[in-house]
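Rule-based calculations on the coordinates, nothing more; no lab input. Every value quoted in this text rests on a predicted model; they were computed, and no experiment measured them. Glycine also receives a Cβ, built like all others from the backbone with ideal geometry; neighbour counts cover every protein chain displayed.
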Amino acid sequence: MAGHWHSGGDGGRGLYWGVLRLRSIMEDLDELVEAFLQAFDNRDGTARLRQVTDLFGDGAVVFRVEGAQIDSMTVEAFVAPRQELLASGRVVGFHEWEVAGRTFRFGSLAVRVSRYAKRWTEGGTAQSGQGWKLLLLHRAAQGWRIMALAWSDEADGLPMDSAQWSERGTVDSGDREPGYGSVP
């Protein structure tokens, strides 16, 4: 695997191998996506959506896609009705998880294409669903943040077959700027 050494800007910790830092960046992105999905989990009776706003950057926007219809909203407008629904007790045991995903990184920008599934109980009836999420991510001073989220639940015309998404994968632009971060 190709890589190169970097020095400086790492708090005096010395040299590190570019590929190792790349791996850490991809782990950071995976953790961000996982934290986003976990914020919706109310299986323990606690709604956590208030903390999801910390995962978004300033000016972030959310899009819901249903066929040809696209609705845009602020992060706050996205979170408020979901917080109420998950805290109300009408929907219990809600959780969603990434079935498969791909991350494409270009310096301080990344795009995550994610297929997800979800389960919950409403009115005593078990429910389930699936869909796609596209996340535009940006590396800000405080770390990676979601700048845009678009999702579509079981949308017409979108393949839900995960054969082509059987493993998580990443594509990286190959730029590893000297002095960025350090190996954890």
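Positive end of the charge dipole of the range 35-100 (Lys, Arg +1 and Asp, Glu -1 on Cβ, about the Cα centre): tell me which of 56, 91, 67 has its Cα farthest that way. After comparing all options, I get 91. Note: the range 68-147, Cα convex hull, 135 Å³ per residue. For a modelled paramagnetic label at residue 76, 7 Å from Cα along Cα-to-Cβ, the residues of the range 29-54 in reach, with backbone nitrogen under 18 Å, are 49-54.
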